[in-house]
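A.B. asks: Submitted below is the structure of interest, expressed as structure tokens.
Read-outs throughout are calculated quantities, based only on the coordinates presented, and are distinct from any laboratory measurement. For clarity, every value in this text was computed on a predicted model and none was experimentally measured. Neighbour counts run over all protein chains shown; Cβ positions are idealised from the backbone, glycine included.
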Amino acid sequence: MHMADALLAPAVAATMYAASGAAAGLSIRKLKLDEEPQKLPTMAVTAALVFAGQMINYTIPGTGSSGHMCGGMMLSALLGPQAGFLSMIVILAVQCLFFADGGLMALGANVWNMAFYGCFVGYYLIWRPIMKSKLFGEGRNAERLRIIAASVIGCIITLQLGAFSVVLETSLSGITELPFGAFCALMQPIHLAIGLVEGLITSAVLVFVHESRPELLESEDMKHAPAKRTLGTTLAILAAVVVVVGGGLSLLASSNPDGLEWALFGNEEAGYSQNMGLDEENFGVSSAAADTAGSIQEATSFLPDYAFPNNDAAVGTTVSGIVGSAIVAGIAVLVCMAGGFFRKRKGGSLHSVG
């Protein structure tokens, strides 16, 4: 669901940058990392896991399309909505700048569509209410069922919101080749299927954490639940999954277009519909801002499309998965440590004045 710059008018792109920037600023102000130091290594590993997971496009049978996880629900369930949102910004920015995945001018819109809904709507309206409820009764089995329900429902709903935002932002940008109703009729059902698969993946990871270190989940009932594994062992297992997924399984990703590309261009080559039938080489709107953003992105992306430049060797994908995951892990921790640092510095200065 990464939008290209050609889908947005500069005014719409600027508005989405402002909205996502405001959400990021509020998130930094509300970080509480100094109170939960175990969140820092958890943040590094889980942000890397989402980056690696997004490299795997899974086929949606019978459609000619594919999908990949967004990850906002998973990160907010493990880190809280604020740290989860900042981690998602790091993931999307690294994808954009270093791998040319999603437009630089469109980055604010991509953050909003893929991170805001999963981290904030998914957490406050779905994850927290379900986990605080007595749905399915009491006990560990009931907790597992609540995790699965929250994950699946949350991923489906938040991807539907994200897909609708893509349609709305594109329509407001004045791209007349995309009638609003027809675009919606393509985007919403395909992302319903994509969201269902993401919900199952998310629930599998969160159930593993629940069994291993339940206090890592954002749920008050689990803060003192017994753990089967040490924190180090749990994170080591997840880190191993990052390496396997990013460095190995990413080679098996579906070659079908993702949900947004499928809606725009179809997949006639594989015998499916052309859908909106846009020309992949010439579509959308052009602007000086988009040209400038494209030039910057071309200069910064050292592994464009998760491959070595002008080289289709599979090792490029493996390197991209491992290197990208490491970059995301490091930057995610630095950003959130900085947020905690500035929050404490502010608190300290106020205390000294008083």
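A.B. asks: Looking only at Ile322, Ile237, Ile156, which one moves most when the chain is put into a Gaussian network model with springs between Cα atoms under 10 Å?
C.D. replies: Checking each option, the largest mean-square fluctuation is seen for Ile237.
A.B. asks: Along the charge dipole of segment 5-353, pointing to its positive end and built from +1/-1 on Cβ of Lys, Arg, Asp and Glu, which listed residue (Gln95, Val167, Leu217) has its Cα farthest out?
C.D. replies: Positive-most Cα among the choices belongs to Leu217.
A.B. asks: Give me log10 I(q)/I(0) at q = 0.15 Å⁻¹ for the chain, Debye formula, one equal scatterer per alpha-carbon, no solvent.
C.D. replies: Cα-only, vacuum Debye calculation for the chain: -1.34.
A.B. asks: Among Leu264, Leu31, Ile237, whose Cα lies farthest out toward the positive end of the dipole of the chain, if unit charges sit on the beta carbon of Lys, Arg (+1) and Asp, Glu (-1)?
C.D. replies: Projecting each Cα onto the dipole axis, the largest value belongs to Leu31.
A.B. asks: Can you give the convex hull volume per residue for the Cα atoms of segment 164-298, as a whole number of Å³?
C.D. replies: Dividing the Cα hull volume of segment 164-298 by its residue count gives 190 Å³.
A.B. asks: Using the Cα centre of segment 5-353 as the reference point, and only Cβ charges (+1 on K/R, -1 on D/E), how large is the resulting charge dipole? Debye, rounded to the nearest 20.
C.D. replies: On the way: 18 positive and 26 negative charges, 420 e Å.
For this selection, approximately 2020 debye.
A.B. asks: Please go through segment 280-313 and write out the GluC sites (Glu not before Pro) that DSSP classes as loop and that have at most 15 other C-beta atoms within 10 Å.
C.D. replies: Working: sites: Glu280, Glu281, Glu298; in loops: Glu280, Glu281.
Here the GluC sites (Glu not before Pro) that fit, given the DSSP loop and packing criteria, are Glu280, Glu281.
A.B. asks: GNM on the chain, C-alpha springs below 10 Å: top fluctuator among Leu168, Leu249, Leu217?
C.D. replies: Greatest mean-square fluctuation among the candidates belongs to Leu168.
A.B. asks: Now, a different point. Please work out whether segment 1-116 counts as rounded, prolate or oblate from its C-alpha gyration tensor, where a ≥ b ≥ c are the square roots of the eigenvalues and a/c under 1.5 means rounded, while otherwise a/b larger than b/c means prolate and anything else oblate?
C.D. replies: It is oblate, given that a/c is not under 1.5 and a/b is not larger than b/c.
A.B. asks: Could you compute the longest span of the chain free of chymotrypsin sites (Phe, Trp or Tyr not before Pro) located in DSSP loops and having at most 15 other Cβ atoms within 10 Å, not counting the site residues?
C.D. replies: Of all site-free stretches, the longest is 137-301.
A.B. asks: Please build a GNM for the chain, connecting alpha carbons under 10 Å apart, and tell me which residue among Gly108, Gly80, Gly181 fluctuates the most.
C.D. replies: Gly181
A.B. asks: Divide by every residue of the chain the summed helix terms, -39500 (n - 2.57) for each DSSP H run of at least 4, and state the resulting mean residue ellipticity at 222 nm, rounded to the nearest 500 deg cm²/dmol.
C.D. replies: -20500 deg cm²/dmol
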